[in-house]
Amino acid sequence: MAHSTSARLLQRGNIFLADYWILAEAPTHCLNDRPQYVAAPLCLLWLSPQGALVPLAIQVSPAAPPGARNPIIPRSSRTQLSQTPGPDSPIFLPTDSDWDWLLAKTWVRNSEFLVHENNTHFLCTHLLCEAFAMATLRQLPLCHPIYKLLLPHTRYTLQVNTIARATLLNPEGLVDQASPARTLCPATRLQAPSVLCPQVTSIGRQGLLYLMSTGLAHFTYTNFCLPDSLRARGVLAIPNYYYRDDGLKIWAAIESFVSEIVGYYYPSDASVQQDSELQAWVGEIFAQAFLGRESSVVLYLVRWLISSVTTRIVAFLTVLLNCSSCFSASPSHSLFARQACRATTLLILWNTAQKPHGPASHCSVTTSN
Ligand SMILES: [Fe+2]
């Protein structure tokens, strides 16, 4: 009965999976002699007739994964969780006790915070936009039309990233501190709220670097093409998805604007191909932002073969402008509204029943941010 219901839901396309695989081998931090915890949950979601995405089942495991890498604390005392199915990977359901189900959802919130802030926000907007900005400044002369098009979109990119590297990401910086510190916001000189300056997280600086390097190694061009990304994730049609609704309108406006600029300065494919500065600019972005991985663009090769060169450059510029405007604004501008609430922003999950470096119990946890 349950199986036939699940099969029916799957056929309707009403089932979604939030997969936090990237956390499965992330190094964890040790704060105040207490090992920290990271989960890599799988969360099954159901799109209800009312248009809400409701969690159906959550798999969370307390077992250390085989081949765990770069442990900050000894493997024997690691409490990291893996996605390996089996008896040690319990699947929680809404029919479990209220506290068990709440705790499973809490692990998902914690994982969501780590992936969203480290990769979706910092890596995909701040750092990749810096790679775009550096390529623009290095490869295009001031009089180049594409330089003029892109320059307004590089404003403050280097400045804010320099501040982040000096105060947030540096060794012993805010992310790496082993105990909460009272910190003044460098911009306002006021006490920084913990939501804006998270002094401690369960993964620390090493975990942050691991997440970003792993994420970068798996990024593809699709991640940055909004229509393709929405289609690949199967969320083109779900209701009440305002990021998609607004984002597609802005994407279309950017694409139209870029088309006119490119059409004016590049009347033919040959004019694009003969622009050595533009070719060098694209080459640097491919090398620095996509690490020169051909696999990151493989899905586009057929499309590119049948499209004109000017079409390809329009698409590429649309990706960059959207990344530095619409996509960057999405995680940044909503930061306080989304994360000011402790119940939805869980930087650390502490096991209160555990002695330092003792065995883990995933059922007795308090939260802190
Ligand atoms: Fe930001």
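Details
- Residue tally, condition part of a loop (DSSP other than H, G, I, E, B) and touching a Ser or Thr at 6+ places or on another chain (Cβ under 9 Å), over region 222-234: 1
- Checking each residue in region 131-158 for being of a type outside the set (Ser, Thr, Tyr) and buried (at least 20 other Cβ atoms within 10 Å of the Cβ) picks out Phe132, Ala133, Ala135, Gln139, Leu140, Ile146, Leu150.
Okay, residues lined up against (1) among the β-branched types (Val, Ile, Thr); (2) touching a Phe, Trp or Tyr at 6+ places or on another chain (Cβ under 7 Å); (3) over 20 Å from Ser213 (Cα atoms):
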| residue | (1), (2), (3) |
| --- | --- |
| Ala270 | no, no, yes |
| Leu278 | no, no, yes |
| Phe286 | no, no, no |
| Gly292 | no, yes, no |
| Ser295 | no, no, no |
| Tyr300 | no, yes, yes |
| Leu317 | no, no, yes |
| Asn322 | no, yes, yes |
| Ser330 | no, yes, yes |
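- Some residue of region 277-286 being of a type in the set (S, T, N, Q) and surrounded by 19 or more Cβ atoms within 10 Å (Cβ to Cβ): no
- Residue list for region 89-141, restricted to those being charged (D, E, K, R) and away from the ligand (no atom under 16 Å from the Cβ): Asp96, Asp98, Asp100, Lys105, Arg109, Glu112, Arg138
- Selection from region 292-307 of residues that are of a type in the set (Gly, Ala, Ser) and either touching a Ser or Thr at 6+ places or on another chain (Cβ under 8 Å) or surrounded by 11 or more Cβ atoms within 10 Å (Cβ to Cβ) (or both): Ser295, Ser296, Ser307
- Matching residues, region 17-67, being modelled with pLDDT under 90 and assigned to a strand (DSSP E or B): Cys30, Leu31, Arg34, Pro35
- Meets criteria (in contact with a helix residue (DSSP H, G or I) (Cβ under 6 Å, 6 or more places away or on another chain) and over 29 Å from Leu291 (Cβ atoms)) for Phe132: no
The values are calculated or read from the model by the stated rules, or taken from the named source; none is laboratory data. Since we're looking at a predicted model, the values are computed, not measured. As a convention, Cβ positions derive from the backbone with ideal geometry for all residues, glycine included, and neighbour counts pool all protein chains shown.
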